[in-house]
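Comments concern the structure below.
The values are calculated or read from the model by the stated rules, or taken from the named source; none is laboratory data. Quick caveat: nothing in here was measured; it's all calculated off a predicted structure. Quick reminder, even Gly has a Cβ in these numbers, built from the backbone with ideal geometry, and neighbours come from all protein chains shown.
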Amino acid sequence: MKYYIKLLRPKDWAKNFFIFVPSFFARHIFIAEKIEHLLAGFVAFCCIASSIYIINDYRDIDDDRKHPLKSKRPLASGKVKPSYAIIICIVLIILGSALAVLANPNCHFLFILVVYFFLNLAYSFGLKNIAILDMLILATGFVLRVKGGAIITHVDSSDWLIIMTFLLALFMAIGKRRDDLLLKASSGTEMRKSVSGYNLEFLNTMLGLFGAIIIVAYISYTVSPRTIVRLGTYRLYYSSLFVIAGIMRYMQVVFVTQRSGSPTDILYKDRFIQITIFLWILSVFILLYLPNSPIFN
C-alpha cells in the first residue's frame with residue numbers, strides 16, 4: 001500500500017497550499033463557508049496534480065531508472081504495475097473534477113483545473129524538454145493555484161500577488177535545474193533533456209537576479225499606496241525581513257550545501273526555512289488580522 005501512496009507524491013501536495021493565499025491576504029481565512037470550499041479545492045488540486053505525476057512517471061520509467069533517486073519511484077522500481085497506475089490516474093481525475101464543481105458550482109475553478117491539467121500534460125509529453133519553457137510552465141502552475149483560490153472565495157487576486165507567486169516559483173525552479181545540472185556533471189548521465197540548454201553560469205546569474213527581483217517586488221508591494229489602502233496597514237513591510245531571510249537561506253542551500261534538488265524536500269527538512277515561513281505567516285497574520293494589537297500602539 002505504501003508504494004501506491006508514494007505514487008501520488010503526497011509530499012508535493014504542499015505546493016497546493018498556494019490556493020489559500022488570496023483568502024489569507026483578503027482576511028477571509030476564518031470564514032467557515034469559504035474554508036470548506038477552499039479545502040474541497042485543495043483536495044481537487046491534489047487529485048489532479050497526482051494524476052499528472054502518475055502520467056509523468058509512466059512516460060519517464062526508463063529515464064527514471066537511470067536517476068539515483070527517481071529510480072526508487074513506484075513505477076520505475078516495479079513496485080506498482082503500470083496498468084494499476086493508469087486506473088488510479090483515471091479515478092483521481094474524476095474525483096478531482098467532482099470536488100472542483102463542489103468547491104465552485106459555476107465551474108470557473110474547474111476551468112482552472114482543466115487548464116492546469118492540459119498544461120502539465122503538454123509538459124509531460126515534450127515541453128519539459130525545452131529549456132526555459134520548462135521552468136515557465138512550472139511557475140505558471142503556481143499562478144493557477146493562486147487564481148483558483150481567488151475564484152473559489154470570490155476575492156481579488158492582485159497583480160502583485162500573481163507576480164510574486166510567479167517569481168518565487170521560477171526562483172525555486174531555477175535552483176532545481178541547477179541541481180539537475182550538477183547531477184549530470186557528477187554522474188555523466190543526462191537526467192533531463194532540457195538540462196542541455198543550461199549551464200552553471202547562466203543558472204547562477206538567474207538565481208541571483210530573481211532573488212533580488214523577488215525582494216524588491218515584495219517590498220514594493222508592501223509600501224504600495226494601493227496595498228496600504230486595500231489592507232488598511234502601512235506596516236506590512238515589517239514582514240520583508242522574513243522574505244529576505246528565506247531567499248538568503250534558499251540561496252545558501254543551493255550554493256553552499258548543494259542540495260536544491262527538490263524545493264519540497266527543503267521545506268520539510270530545513271529547520272531554518274520552516275521557522276522563516278512560520279514567522280512570515282505569523283507577522284502577516286498579526287498585521288492584517290490584529291491591527292489593534294498592543295504591539296502597534
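Where residues in segment 121-140 are on the phi < 0 side of the Ramachandran plot and not in a helix (DSSP H, G or I), which of them is surrounded by the fewest Cβ atoms within 10 Å (Cβ to Cβ)?
Here is the first cut: in segment 121-140, the residues on the phi < 0 side of the Ramachandran plot are 121-125, 127-131, 133-140.
Imposing the further condition that a residue be not in a helix (DSSP H, G or I) reduces the set to 125, 130-131.
Working: 125: 12, 130: 15, 131: 16.
So the residue we want is 125.
Of the candidates 17, 42, 24, 30, the single residue that is under 30 Å from residue 230 (Cα atoms), among the hydrophobic types (A, V, I, L, M, F, W, C) and at pLDDT below 85 is 30.
Can you find a residue that is more than 14 Å from the chain's Cα centre (by Cα) and either surrounded by 15 or more Cβ atoms within 10 Å (Cβ to Cβ) or of a type in the set (Asp, Glu) (or both) anywhere in segment 141-150? Yes.
Residue 118 meets all of the listed conditions (1) modelled with pLDDT of 95 or more; (2) crowded, with 16+ Cβ neighbours inside 10 Å; (3) among the aromatic types (Phe, Trp, Tyr) but one, namely (2).
Taken as a whole, the structure leaves residue 5 outside the set of residues that are of a type outside the set (Lys, Arg) and surrounded by 15 or more Cβ atoms within 10 Å (Cβ to Cβ). The residues of segment 207-223 that are more than 17 Å from residue 166 (Cβ to Cβ) and surrounded by 17 or more Cβ atoms within 10 Å (Cβ to Cβ) amount to a single one, 222.
Could you please find all residues in segment 169-228 being β-branched (Val, Ile, Thr) and in contact with a helix residue (DSSP H, G or I) (Cβ under 7 Å, 6 or more places away or on another chain)? Spell out how you get there, then give the answer.
First, pick out the residues of segment 169-228 that are β-branched (Val, Ile, Thr): 174, 189, 195, 205, 213-216, 219, 222-223, 227-228.
Result: 174, 195, 213, 214, 215, 219, 222, 223, 227.
Within segment 141-171, the set of residues being at pLDDT below 90 and in a helix (DSSP H, G or I) comprises 159, 160, 161.
Within the bounds of segment 199-209, is there any residue that is among the polar types (S, T, N, Q), more than 30 Å from residue 123 (Cα to Cα) and either more than 21 Å from the chain's Cα centre (by Cα) or modelled with pLDDT of 95 or more (or both)? Spell out the reasoning first.
Of the residues in segment 199-209, the ones among the polar types (S, T, N, Q) are 199, 204-205.
With more than 30 Å from residue 123 (Cα to Cα) added as a condition, the list becomes none.
No, segment 199-209 has no match at all.
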